[in-house]
Amino acid sequence: MKSFNRARLMGKYWRIIIDGTGLFYFKEKHCGNCLVTTITREEDGKEIKVKRYYHKVLEAKLVLSADIMISLDTEFIENENEEVSKNDCEINAAKRLLERLRKDYPKLPICLQGDALYAAESIMKICNKNHWKYILTQKETRQKVLAESYEWIQKSGGARKVGRIGRESGDGEYINHVEDVAGKEETANMYRYWYEAEKEDGETEIHEYQWITNIELTERNLEEMIEAGRGRWRIENEGFNNQKNGIYDIEHLNSRDSNAMKNHYLITQIADIVMQLYLSWSPLIKDINQSIKNTSSRLLESFRRQPVTNEDVSYIKRYTTIYLE
Ligand SMILES: [Zn+2]
């Protein structure tokens, strides 16, 4: 019912944020699909190498409003078997996940977002092929030639600057098609945002952010693009952290069985969708300030005690508008 339409970037693109996180860590081999790493430990003054086993997950979250960001798809990062010479990685998992997104949502106008890890030409290529947009965090260490080219154009006066924009009234700057100078194939329109902030000790420090995108940058859309780029941190800082430290405790191992482990993770994502919708639909819940744990217990109780009646069903069949805070 178009309730979420305002979340679309430039009134068109649904923002999908991909990010990976570690879920479970084991001292001993847990299953045949474990990722393996070797760490060095000191024992009796000697350095010894020991193996550690772990499981990771890659999430694609859909941004529906400032408060609602839901799991659209999940890909587990795991090895096919114990014989593989190299661990599965986030980029490979992303390729599998993006292929599934393309098949499942062929008509959805998507803007893919991710941190500097995903600012790889393979990911940019997939986006261009699928007619998706992307906004990826740029780091000099990730795309060195692009960074050098940007600096060169900027020093020669080829960058557009827009002052006093964004939440902190900072400075924005952009250059379209840096890839032409860098000799790269994939579209790299680059932009950055920086502002000064005072630290606790009174000194000022500069915060800076940089992104690569295939959306053509203009003085008019720069501010919206900066906001969109910065919004990505929410999945890392709020999304996963809530799930890890908050009510869901996704790192708690409820079963050692790898299928049960995955199922529990996926069900948690569904619970999180219900919870987020519930919290943003009902402003009263925030006002009465009950703990998030209480809210979820009450929600569960209501599922138990208040079965859906025919009247409820007839109500949802009628035209209904839901207003989100
Ligand atoms: Zn395992």
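The values are calculated or read from the model by the stated rules, or taken from the named source; none is laboratory data. All values reported here derive from a predicted model rather than from experimental measurement. Reconstructed Cβ throughout: ideal geometry from the backbone, glycine too, with neighbour counts over all protein chains shown. Remember, those area values only see protein heavy atoms, side chains included, never the ligands or the DNA or RNA. Shrake-Rupley method; radii C 1.70, N 1.55, O 1.52, S 1.80 Å.
Descriptive notes on the structure:
- Pairs over the 25 Å Cα-Cα cut-off, from the set 2/262; 107/139; 12/125; 51/144; 125/161; 61/161: 2/262; 107/139; 51/144; 125/161; 61/161.
- Considering all different alpha carbon pairs of the range 137-227, the Kirkwood hydrodynamic radius works out to 13.7 Å.
- Pairwise Cα inverse-distance average, inverted: Kirkwood Rh of the chain (Å): 22.6
- Amide H contacts of residue 24 (H built 1.01 Å from N, in plane; Pro and chain starts excluded): 55 sit under 5 Å, all sequence-distant by 5 or more or on other chains.
- Only the Cβ atoms of Lys and Arg (+1) and of Asp and Glu (-1) were treated as charged; on that basis the dipole of the range 139-208 about its Cα centre amounts to roughly 340 debye.
- Label-zone membership for the range 12-30, site residue 271, 7 angstrom Cα→C-beta point, backbone N under 20 Å: 21-25
- Whole-percent carbon and sulfur share, accessible surface of the range 137-227, 1.4 Å: 41
- Where the chain is the region considered: accessible area per residue in Å², 1.4 Å probe: 59
- Lys, Arg +1 and Asp, Glu -1 on Cβ, resulting dipole of the range 85-239 about Cα centre, debye, nearest 20: 1000
- The charge dipole of the range 7-129, taken about its Cα centre with unit charges on the Cβ atoms of Lys, Arg (+1), Asp and Glu (-1) only, comes to about 600 debye.
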